[in-house]
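The values are calculated or read from the model by the stated rules, or taken from the named source; none is laboratory data. Just so we're clear, the structure is a prediction, and the values are computed from it rather than from any experiment. Positions of Cβ are backbone-derived with ideal geometry, glycine not excepted, and every protein chain shown enters the neighbour counts. Areas reflect the complete protein model, heavy atoms only, side chains present, ligands, DNA and RNA absent. Shrake-Rupley method; radii C 1.70, N 1.55, O 1.52, S 1.80 Å.
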Amino acid sequence: MPEGDSHVTHKIRLTMQLRHLGISDPRVLDAIERVPREYFVPKTFQEHAYDNTALPIACGQTISQPYIVAFMTEALKMGEQDRVLEIGTGSGYQTAVLAHIARRVYSIERHKPLLQEAEARFRKLHLTNITSRAGDGFKGWPEAAPFDRIIVTAAAESVPDVFIDQLKEGGILIIPVGPVSHDQNLLRITKKTEGLESETLLPVRFVPMVEGVSSDR
Ligand code: SAH
């Protein structure tokens, strides 16, 4: 079978798996179907592009598991007019999925080489509603704040205030919180007039959020 056909078959199998695992928002399933994950996965792992697993990428980081990408995207409850901030561009896969649903996605990555590769993929896929930059996600993106939604794809020890500050009232923040290697929980925090509402959604395992911009180039 030519490589392209096998990717199509595997992609259909993956979206069926995601449905069985409880992903039901048609916009999320549609976005997963539209984004070619093989573009975001290193050459050596091409045959695993549509496996429901996280895979290694450059700079010691990982491209998240498709189920987690779909789960977090669904949990954000985005509207099509929403402006979304993402911390941890990585391969850009989660960014691309968000960009199919939201109005604009702002994404920050601390490793420049990862960011540059991700930006090349956004251009190739004509994803023109993504604005990205190299920077320290712990600072957020003050010039573009406030955001309707914020999604963090690296684990923090606790919820940084900056994300609450840069969230609109009524806005939603999704963030993995907990120690580096184990015991992390995915939290959904809703900023309400009365205060913050926090829900624990799922145990997860993410690479840690690290302060500052990496000096690799
Ligand atoms: N959503 C990405 C996940 C990448 S892993 C994907 O599916 O490909 C998490 C990413 O967060 C890593 O690339 C890591 O470099 C980045 N990261 C960690 N701390 C950060 C920080 N303070 N600011 C910006 N990015 C950060």
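Worth a mention:
- Only the Cβ atoms of Lys and Arg (+1) and of Asp and Glu (-1) were treated as charged; on that basis the dipole of the chain about its Cα centre amounts to roughly 460 debye.
- Estimated FRET transfer efficiency (I12, D183; beta-carbon r; R0 45 Å; 0.05): 0.80
- Antiparallel bridge percentage (DSSP; both residues within the chain; nearest 5): 45 percent
- The chain: relative contact order as a whole-number percent, Cα under 8 Å and 6+ apart: 15 percent
- Share of carbon and sulfur in the accessible heavy-atom surface of the chain [1.4 Å probe, %]: 51 percent
- Residue-averaged 222 nm ellipticity for the chain, from DSSP H runs of 4+ at -39500 (n - 2.57), nearest 500: -8500 deg cm²/dmol
- Residue pairs, from the table K77/K124; K139/K168; K77/K168, whose Cα atoms sit over 24 Å apart: K77/K124
- Net charge contributed by nearby residues that have their C-beta within less than 14 Å of N185 (K/R +1, D/E -1): -1
- Centre-to-centre, using Cα atoms only, segment 182-209 and segment 131-160 are separated by 14 Å.
- Label-point gap, in nm, between A120 and S214 - each point 7 angstrom along Cα→Cβ: 1.6 nm
- Taking GluC sites (Glu not before Pro) as exposed when DSSP calls them loop and at most 12 other C-beta atoms lie within 10 angstrom, the chain has its longest site-free stretch at 1-79.
- Segment 101-191: trypsin sites (Lys or Arg not before Pro) in DSSP loop, at most 14 other beta carbons within 10 Å: R103
- Euclidean distance of C-alpha centroids, segment 88-121 and segment 15-83, integer Å: 13 Å
- For segment 1-149, diffusion coefficient by Stokes-Einstein and Kirkwood Rh (Cα), 37 °C, 0.692 mPa s, µm²/s: 211 µm²/s
- Applying both filters, DSSP loop and at most 16 other Cβ atoms within 10 Å, to the trypsin sites (Lys or Arg not before Pro) of segment 1-78 gives K77.
- Remark: the chain carries 47 Å² of accessible area per residue (probe radius 1.4 Å; ligands, DNA and RNA excluded).
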